[in-house]
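Asker: Below you'll find the structure I mean.
The values are calculated or read from the model by the stated rules, or taken from the named source; none is laboratory data. Source: prediction; values computed, not measured. Cβ: placed from backbone, ideal geometry, glycine included. Neighbour counts: every protein chain shown.
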Amino acid sequence: MPEPIATLDEDAIRDQLKELVRRTVEDTPNALLEEEADDLIKADRHERTADREAHRAGHYERGLTTTSGQVALRMPKLKGMRFAAAIIERYKRRETSVEEAMIETCLAGVSTRRVEDASEILWGASASAGTVSNLNDKAFEAVERWRSRSLERACPYVFADGIYLKRSRGGGFENVAVMVAIGVDDDGCREAIGAAEGFTESAECWRELLSRLKSRGLRGVKMLTGDKAAAMTGAMAEVFPDAAYQRCAVHFCRSVLSKVPKSKRGKVAAMLKAIHAQESFEAGMAKAESVADELDASKLREAARRIRDGVVETLTYTRFPMEHWRRIRTNNAIERLNREIRRRTRVVGAFPDGRSALMLVSARLKYVADGERGSRRYLDVTLLDG
């Protein structure tokens, strides 16, 4: 006869272990509360002593959400003395680690409603929208401190860009601009260094952002990379006069291709890539001139004019080590970050005001900066000393 086979119900065992852990977590604070009540009364239960200062008057139950689930606390009631627990704060309904997890969930890009559902699944108790909003307010206080922190390291490379979000105003909707800057510090790591809000990417708004960065300690800026924005370049020249400006090569190519018929864009795009594939500034300028001459011959004079007018500022990167060229000649470093920001802000739709948009963008920047992205080496900055 075949030997009997023993089977285990893994789900049942897992549920029993989870319940055992929850009961242990529940019993521990309840035992501590009883001990604390005895210390305040200065007598054990039913004990008569001369030093006794109060009497027990039963208990009341209070829920506490922990990482092990929802537990019931039996809070002692005293006659002749007010019981204030030292181990559990008054009105505390969630363990600190649970609140921190909920805040991190919000900052990671999860909507308020989904946080409510997730709390029910993870901890057995849902959190109201008001609770999540209050936790967000706490998070925004930390975000504001992070946004105003001192910049300890020099940043030879800075990437800047602006994104537009929707905000409600006077019963309608309008765009609000949030300008973001990230830097590559002297260790070669990327760091989100600033964000500011304005109605448009005006010179005043860019000047305010860059001036704020400088007042917080930003120094050693050798090159700033951005798209073609006259307001940005003017503000940069005013605040950081010794820094070079690199126009994003991708934005430059898009500008030229917008003046090329669709049937010829593939060929022209390859010609534009050849400009930035040259080994020096002089070679790049010579290639740009030959490309412009060829476009003139094809009667694409507006595209040729844009090449001649804008190619110099797209070849600024050639002044720096060749090993850095691929990463500093475009704004790709910040464009990826902008996609992360848009993924989170798309959930909101329209913001009630500009400050809320700025805070959520800054919260997302903080979340990304505190993760693995902020600790990875992006460039070998020691090559600048050579």
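Asker: So, in region 246-275, exactly how many residues are under 32 Å from the mean Cα position of the chain (by Cα) and surrounded by 16 or more Cβ atoms within 10 Å (Cβ to Cβ)?
Answerer: Count: 9.
Asker: Looking at SER168, SER211 in this structure, which one is of a type outside the set (Phe, Trp, Tyr), part of a strand (DSSP E or B) and surrounded by fewer than 20 Cβ atoms within 10 Å (Cβ to Cβ)?
Answerer: Checking each option against the conditions leaves just SER168.
Asker: Out of VAL368, VAL381, I need the residue that is of a type in the set (Val, Ile, Thr), surrounded by 18 or more Cβ atoms within 10 Å (Cβ to Cβ) and either closer than 30 Å to GLU197 by Cα or touching a Leu at 6+ places or on another chain (Cβ under 9 Å) (or both). Which one? Talk me through it step by step, then tell me what you get.
Answerer: Numbers: VAL381 fails: either closer than 30 Å to GLU197 by Cα or touching a Leu at 6+ places or on another chain (Cβ under 9 Å) (or both).
One residue alone meets the criteria, VAL368.
Asker: Filter region 41-66 down to the residues that are touching a residue at least 40 places away in the same chain (Cβ under 8 Å) and surrounded by fewer than 17 Cβ atoms within 10 Å (Cβ to Cβ) and list them by number. Before the answer, list the steps.
Answerer: Taking region 41-66 first, the residues touching a residue at least 40 places away in the same chain (Cβ under 8 Å) are 41, 63, 65-66.
Across region 41-66, the qualifying residue is only GLY63.
Asker: Mind listing whichever residues of region 142-165 are surrounded by fewer than 18 Cβ atoms within 10 Å (Cβ to Cβ), among the acidic types (Asp, Glu) and outside any loop (DSSP other than H, G, I, E, B)? Walk me through it before giving the result.
Answerer: So the first thing to find is which residues in region 142-165 are surrounded by fewer than 18 Cβ atoms within 10 Å (Cβ to Cβ), and the list is 142, 144-146, 148-150, 152-154, 164.
Checking which are among the acidic types (Asp, Glu) leaves us with 144, 152.
GLU144 - this is the single residue of region 142-165 that is surrounded by fewer than 18 Cβ atoms within 10 Å (Cβ to Cβ), among the acidic types (Asp, Glu) and outside any loop (DSSP other than H, G, I, E, B).
Asker: Please pick out the residue among ARG329, ARG364 that is closer than 22 Å to VAL143 by Cα, in the same structural domain as GLY162 (by TED's automatic domain parsing) and not aliphatic (A, V, I, L, M). Don't jump to the end; show me each part of the working.
Answerer: Details: ARG329 fails: closer than 22 Å to VAL143 by Cα.
Being closer than 22 Å to VAL143 by Cα, in the same structural domain as GLY162 (by TED's automatic domain parsing) and not aliphatic (A, V, I, L, M) holds for just one of ARG329, ARG364, which is ARG364.
Asker: While we're here: Tell me, yes or no, whether region 18-27 has at least one residue that is modelled with pLDDT of 75 or more and not hydrophobic (A, V, I, L, M, F, W, C).
Answerer: Within region 18-27, the subset modelled with pLDDT of 75 or more is none.
Scanning region 18-27 turns up no residue that is modelled with pLDDT of 75 or more and not hydrophobic (A, V, I, L, M, F, W, C).
Asker: Mind listing whichever residues of region 178-200 are surrounded by fewer than 20 Cβ atoms within 10 Å (Cβ to Cβ) and either over 21 Å from the mean Cα position of the chain (by Cα) or not in a strand (DSSP E or B) (or both)?
Answerer: Across region 178-200, the qualifying residues are ASP186, ASP187, GLY188, PHE199, THR200.
Asker: Still on this structure: With the requirement that a residue be touching a residue at least 24 places away in the same chain (Cβ under 8 Å) and hydroxyl-bearing (Ser, Thr, Tyr), what does region 133-188 give you?
Answerer: SER148, SER150, TYR157, SER168 - these are the residues of region 133-188 that are touching a residue at least 24 places away in the same chain (Cβ under 8 Å) and hydroxyl-bearing (Ser, Thr, Tyr).
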